[in-house]
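> I have a structure I would like to understand better, so I am pasting it below and will then ask my questions one at a time.
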Amino acid sequence: MITHKLNVSELSQNIKDLKIGDRVLLSGTVYTARDAAHKRISSLLENGEKLPFEIRNAAIYYAGPTPTPDNLAIGSCGPTTSSRMDPYTPTLLDLGLKCIIGKGNVSDEVCRSLKQNGAVYLCAIGGCGALYATCIKSSKVIAFNDLGCESIKELVLENFPLIVGVDSAGASLFNQK
């Protein structure tokens, strides 16, 4: 296993170097979006409306952070189950999304879409939300504030520890024999 230190802005250039099981220390800007936000994003797309962030080459973290304590940029920020976003993911990947971040397996359809679009799925460890919060340097709500913890937030990460769950060739850590 290799450890890669990457910025989100470098993902497109380095994505083919990432293989299942590799460790990644990710820095840069990512966006949070869970079930409710994905449903609204889908509605925006269906209505031909603009998305709240540039999807091309972006990374989405499936997380709904807790309220922010005084001494941090964000509250506990652990991953949510990725498969809940599976119905929306192929469409976003087709629009240029380069990275999804969450926990657990994703569907075969999402694996195929990751391969087709040269994108990657990075896994975060459930139960580590307090640790992950220390790797988040800033957080701001950019859309759907009424959704509370499920609003879309722009996060700036620094050395956020992840594992490649599905690489850009479609190989899945979860489907190894």
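> Give me the aspartates and glutamates in straight-line cross-link reach of Lys103: C-alpha distance below 20 Å, same-chain residues under 8 apart excluded.
Answer for Lys103, where 20 Å is the Cα cut-off: Asp22, Asp35, Asp86, Glu150, Glu154, Glu158, Asp167, listed by chain and number.
> Might you work out the accessible area of Lys115 for me, using a 1.4 Å probe with all protein chains in place, and round it to the nearest 10 Å²?
Its accessible surface works out to 120 Å², give or take rounding.
> Here's a follow-up. Would you please classify the overall shape of the chain from the alpha carbon gyration tensor, given that a ≥ b ≥ c denote the square roots of the eigenvalues, rounded means a/c under 1.5, and beyond that prolate means a/b larger than b/c while oblate covers the rest?
oblate
> Follow-up. Tell me the mean residue ellipticity at 222 nm calculated for the chain from its helices only (DSSP H runs of n ≥ 4, each -39500 (n - 2.57), averaged over every residue, nearest 500).
The helix contribution divided over the chain gives -5500 deg cm²/dmol.
> Which value, in debye to the nearest 20, gives the size of the charge dipole of the chain about its Cα centre, when Lys and Arg are +1 and Asp and Glu are -1 at the Cβ?
That gives a dipole near 280 debye.
> State in Å² the accessible area per residue of the range 62-177; use a 1.4 Å probe, count heavy atoms of protein chains only, and round to the nearest integer.
Working: 4980 Å² over 116 residues.
Using a 1.4 Å probe on heavy atoms only, each residue of the range 62-177 averages 43 Å².
> A 29 angstrom limit on the alpha carbon distance is what I want to check against. Which of Lys5/Lys39; Lys115/Lys140; Lys16/Lys140; Lys98/Lys140; Lys5/Lys115; Lys5/Lys50 exceed it?
Lys5/Lys39; Lys115/Lys140; Lys16/Lys140; Lys5/Lys50
> Only residues of the range 5-48 count here: report those whose backbone N is under 14 Å from the spot 7 Å along Cα→Cβ of Glu154, or say none.
28-32
> Using the basic label-point model (7 angstrom from Cα toward the beta carbon), what is the Val141 to Asp94 distance in nanometres?
3.2
> Per-residue accessible area for Ser76 at 1.4 Å probe radius, Å² rounded to 10?
The accessible area of Ser76 comes to roughly 50 Å².
> Still on this model: Determine the share of the chain's accessible area contributed by carbon and sulfur atoms, expressed in whole percent, with a 1.4 angstrom probe.
C and S fraction of accessible area: 49 percent.
> Now, a different point. If each residue of separation counts as 0.36 nm, what is the full-extension length gain between Cys128 and Lys5 once their alpha-carbon separation is subtracted?
42.3 nm
The values are calculated or read from the model by the stated rules, or taken from the named source; none is laboratory data. Everything numeric in this text was worked out from a predicted model, so none of it was measured. Glycine gets a Cβ as well: all are built from the backbone with ideal geometry, and neighbour counts include every protein chain shown. Ligands, DNA and RNA are excluded from the accessible area calculation, which covers all protein heavy atoms including side chains. Shrake-Rupley method; radii C 1.70, N 1.55, O 1.52, S 1.80 Å.
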